[in-house]
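Working notes, beginning with the structure itself.
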Amino acid sequence: MGILSGLSGNLDSMSRNKPESLGRGLFKFVGLSVIAGVLGIALLAPTVIIGGFAASAGISVFENLPDYIKPVNASQASTLYATQDGKPVEVAKFYHQNRISVNYDQMSVNIRNAVISTEDPRYFQHAGVDIVSFVRAAFGNVVTAGGGAGGSTITMQYVKNSLVEAAQLSGNEAAIAEATARSIDRKLREMRLAVALEQVASKQEILAGYLNLAFFGHQINGVEAAANYYFGIPASQLDIPQAALLAGMLKSPNDYRPDDDANLERAKVRRDYVINNMRDSGYITNDEARAAKDTPIITKITHMPSGCEANQTAAFFCDYVVWTVRNNSEFGPNPEDRENLLRRGGLEIYTTLDLKLQATAHNASLTWVPSDDPSQVGTASVSVQTGTGRILAMTQNRVFDQTTTEELGHTSVNYSSDKTYGGSSGFQSGSTYKIFTLAEWLTKGFKLNDRLDGRVRTWNGSDFSARCGSIGGTWTPRNIVKEPDDVNVIQATAISENTAFVYMASKLDLCDIRDTAMRFGVRRADGTELQYIPSSVIGVNEISPLSMAGAMAAVSNHGVYCSPVAIDKVIVRSTQQELKVPTTQCSQAVTPDVAAGMTHAMRAVISGGTGGASSTGDGVALAGKTGTTDSGVHTWMTGYSSTVATATWVGNVSGSKSLSGIKLNKKAGNTVRHDIWRTIMQTANKLYVPGPLDVVPPSVLNATYITIPDVTGQTPDAANEVIKTNMLNGSIVVKQISSPQPAGTVAYTRPAAGTAVASGSQVKIYVSKGGGATVPNVAGMSVVNAKSTLLQAGFPAVSEPQPTQSQFFVKSPTIPKGMVVGTDPAAGTPAASTGAILLIISAGP
């Protein structure tokens, strides 16, 4: 890979390896002699003569020096910091092309001498272009038909390599062609820039820049990285044989790579050639040269990660910061400028990462879902500070690795973020997405204590409203386990009842639910539009953990969503200028009352619902929501305190294995989300001490009460419609009862007509089979008279309570002791004539 790709150190318009015709060589000799003459005047004559001669010759000897030509050394590396105990701590350094740039004095004198003696012996004598060497090279190419030595100085090689690299970084095909063209024009430009460069940079800076830019094969850029990789040492410790080997590689890096056994023989020949050059230039003695050549090539191949790979605890957050720079115009008008700023700008990047919380999250992830587990189940967790959007932790159970390795547990894909930020395409959110139906339910004025119809049924598309599209087909949602079919909103949230939330959605608009999710900052990780089909209510949209953490933080923040941010500030090291950075954007997603209602329902998830295993046990008020997709392919735990929100995902990176059948750290795979989330939040509660969560106002909590209409005598279907139009849910009882009402009509309801119940309550409709009678009122009668009256009304089976049945002896201020107070069934109630009537007796005042 490498931008230089073996071109370093060669004058490619006069290749040492490719012969050419004598005529072509003569042509070059004449052309290059003209250039040499111009540059000779430029280098030797006074400035006033240079300007006049250059103008008359039609040649601009000097030109403005692009910033990317200037040497890239250690001072221009960008540094990323996180926070620990309130102090910045270095997490990673970024170098151009992921190389490790070092200063001149951090390079062994041996590597400096080896390169100069072989590539440019007159380096410290010329001013960027060596006329003597250039003319000699031109003449030699004529004599050898193109097979002579090159005439490029180290400065010229550095300029050429910088031009090629800049062109390739831009992706501009025309610029790449121009930078690599075999032409006198290109060579002349390189020479002009070399002369200009020597006016603004020292020889030491240029040599260091050249060696920091050089390609050493096997994706190795820069002498520091090369020394690390091939010998396991820094460039400052290179001895004579090691330095000579690396210097020799500059001619054709991949041909002399010592990590390939097929190269060792020619690599030694080339190394010894360099050693001889060092001796001939007076840098080493004869004895030193002899000893160095007698030394076999000994390598210590060492993978030395740089950039984000160098700190695995924070690697994926670090990568997210890199993508933040790449994607935001605050850091430059185009991706090339932003990348150049990051790699060459000498930035001090202060991030939002809390190293203590990050370490806890990292360790918890790897403890409960090891990266090398054969199942290759993935997990990712993100923590966001409430009210600021600051990302405090971001981790996953993988080794961050930007190579093409297929090693188990290695990846460069960030499971926590969206695709455009180096992330995946997201994961189905499961029941965590239900909070947006809950939010829309309360926004539309429904209450937490309203009742929901959780019966399993087949829904038609026409049962739902969607103002932004049409809904078709049928759908039969089910619950993971059998759940009660008559619950309030708090209960439905606590037990995560699918059918109850689908019922809620049927009373709303699916597009409004989608838009509510978007106000909470939620979007599909792959960048496509959120789906608004009925099944989206229970979580088919594929979302990143970062999106869900941001949404949870908004609920905690009184309904105000603040977009997540990873950077607090950026300072240019050389000037101390503070750059503009992306800042959090806050907006009201729902009203504070609605947010408080959401919190009230979601507290029940942790205090006794599906999230009970996530309770931190430290007395901190928490709220949350679990999620499990079909067959347990993905599982989630999301929630918050008043200060920090965390989203944890555990699931299949690829494939569709059920986590319930997988053991992770000796536990069922579908439960470890709770262990990870709980561990993270226990630390978060210590670092960011929470207060109380919002208290739900009665206007959001208390149910709307509806009086049950009298549907006696109506057909069951007609009665059901009347009940439905009154915001109640009818349930027709299959078994018919004896009743004075005509067979096939409604005998009565339970609760009875006239009773006030919570909106959405289920009303059972009893259907008459005829043959029944209405129980008469016998209150105030003696037992004897009451029995006689009931017998005449068609109820022969009348009994008195036993003394032990105390509940049927009630105190009465108006009816004397021993007299009848009432009956069971009650007076006025239709009852089967064959049924038993029990008398209720007065116990006196």
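The values are calculated or read from the model by the stated rules, or taken from the named source; none is laboratory data. Being a predicted model, the structure only gives us computed values, none of them experimental. FYI the Cβ positions are ideal-geometry reconstructions off the backbone, even for glycines, and counts take in every protein chain you see. To get the accessible areas, we keep the full protein, side chains included, count just its heavy atoms, and leave off ligands, DNA and RNA. Shrake-Rupley method; radii C 1.70, N 1.55, O 1.52, S 1.80 Å.
With coordinates expressed along the principal axes, the C-alpha atoms belonging to segment 292-341 extend over 56, 26, 9 Å, beginning with the largest.
For the chain, find the longest principal axis of its Cα atoms and tell me its angle to the long axis of helix 184-200, 0 to 90°, nearest 10. That helix lies at roughly 90 degrees to the long axis. Each residue, Lys580 and Asn334, gets one label point 7 Å from its Cα in the Cβ direction; the gap between the two is 2.0 nm. For segment 634-736, the C-alpha radius of gyration divided by 2.2 N^0.38 Å, with N the number of residues, is 1.87.
Remark: the chain carries 41 Å² of accessible area per residue (probe radius 1.4 Å; ligands, DNA and RNA excluded).
With the simple spin-label model, which puts each label point 7 Å out from Cα in the Cβ direction, the Ser607 to Asp67 separation comes to 5.7 nm. At R0 = 51 Å, how high is the FRET efficiency between Thr707 and Ala359 if r is their beta carbon distance? Nearest 0.05 is fine. According to the calculation, E is roughly 0.30. As a length-normalised measure over Cα pairs under 8 Å and 6 or more apart, the relative contact order of the chain settles at 10 percent.
Computed from the C-beta positions of His218 and Ser470 and an R0 of 56 Å, the FRET efficiency is 0.45 to the nearest 0.05.
Taking GluC sites (Glu not before Pro) in DSSP loop states with no more than 14 other Cβ atoms inside 10 Å as exposed sites, the chain has its longest site-free stretch at 64-405.
If a spin label sat at a point 7 angstrom from the Cα of Thr715 along the line to its beta carbon, the backbone N atoms of segment 724-752 nearer than 13 Å would be those of 744-746. Sites listed here are trypsin sites (Lys or Arg not before Pro) in segment 255-355 whose DSSP assignment is loop and whose Cβ has at most 15 other Cβ atoms within 10 Å: Lys300. Available extension along the chain between Glu265 and Thr804 is 183.3 nm, counting 0.36 nm per residue and deducting the alpha carbon span. Shape annotation for segment 776-842: C-alpha extents along the principal axes are 30, 22, 19 Å, from largest to smallest.
Radius of gyration over Kirkwood radius for segment 552-692, both on Cα atoms: the Rg/Rh ratio is 1.07. Relative to one another, the C-alpha centroids of segment 255-297 and segment 696-728 are positioned 94 Å apart.
Roughly how many percent of the accessible protein surface of the chain is carbon and sulfur, given a 1.4 Å probe and a whole-percent answer? Please report the intermediate quantities before stating the final value.
Numbers: 18110 of 34410 Å².
Of all accessible area on the chain, carbon and sulfur atoms account for 53 percent.
Under a Cβ-only charge scheme (Lys and Arg +1, Asp and Glu -1), can you give me the dipole magnitude of the chain about the Cα centre, in debye to the nearest 20?
Around 1040 debye, computed over the chain.
Computed on the Cα trace of the chain, the radius of gyration divided by the Kirkwood hydrodynamic radius gives Rg/Rh = 1.23. Where does helix 335-344 land angle-wise versus the long Cα axis of the chain, in degrees 0 to 90, nearest 10? It works out to around 70 degrees.
How fast does segment 704-771 diffuse by Stokes-Einstein, in µm²/s, taking the Kirkwood radius from C-alpha pairs at 4 °C and 1.567 mPa s? For these conditions, the coefficient is 112 µm²/s.
What is the P(r) of segment 316-411, as percent of Cα-Cα pairs per 5 Å bin from 0? In whole percents, the pair-distance histogram is 2, 12, 17, 18, 17, 16, 11, 5, 1. Please grab the % of Cα pairs in segment 96-294 that end up more than 29 Å from each other. In whole percent, the share of Cα-Cα pairs in segment 96-294 beyond 29 Å is 23. Taking 0.36 nm per residue of separation and subtracting the current Cα-Cα distance, fully stretching the chain between Ser699 and Thr180 would add 179.5 nm.
For segment 692-845, the fraction of alpha-carbon pairs lying more than 27 Å apart is 41 percent, rounded to a whole number. Extension gain, Ser660 to Asn286: 0.36 nm times the residue separation minus the Cα-Cα distance gives 127.4 nm. Helix 510-519 and the long axis of the chain differ in direction by around 50°, with both axes built from C-alpha atoms. Kirkwood radius for segment 379-432, taken over all pairs of different Cα atoms as the inverse mean of 1/r, rounds to 12.6 Å.
Based on Cα contacts under 8 Å between residues 6+ apart, segment 776-842 shows a relative contact order of 44 percent. Can you tell me, using C-alpha contacts under 8 Å and at least 6 residues apart, the relative contact order of segment 205-291 as a whole percent? Over segment 205-291, the number comes to 20 percent.
Residue pairs exceeding 31 angstrom between C-alpha atoms, taken from Lys203/Lys293; Lys434/Lys580; Lys444/Lys764; Lys447/Lys686; Lys569/Lys686: Lys434/Lys580; Lys447/Lys686. For Thr814 and Lys735, a Förster radius of 51 Å and the Cβ-Cβ distance give a FRET efficiency of 0.85, rounded to the nearest 0.05. For the cross-link pairs Lys93/Lys663; Lys93/Lys667; Lys187/Lys251, the ones whose C-alpha atoms lie over 27 Å apart are Lys93/Lys663; Lys93/Lys667. Listed by chain and number, the lysines placed with their C-alpha closer than 26 angstrom to that of Lys769 are Lys724, Lys735, Lys787; residues fewer than eight positions away on the same chain are left out. Straight-line reach from Lys666: taking Cα to Cα under 21 Å and skipping same-chain neighbours fewer than 8 places apart, the lysines in range are Lys657. Placing Met518, Met156 in order of accessible area, with the largest value first and a 1.4 Å probe, yields Met518, Met156.
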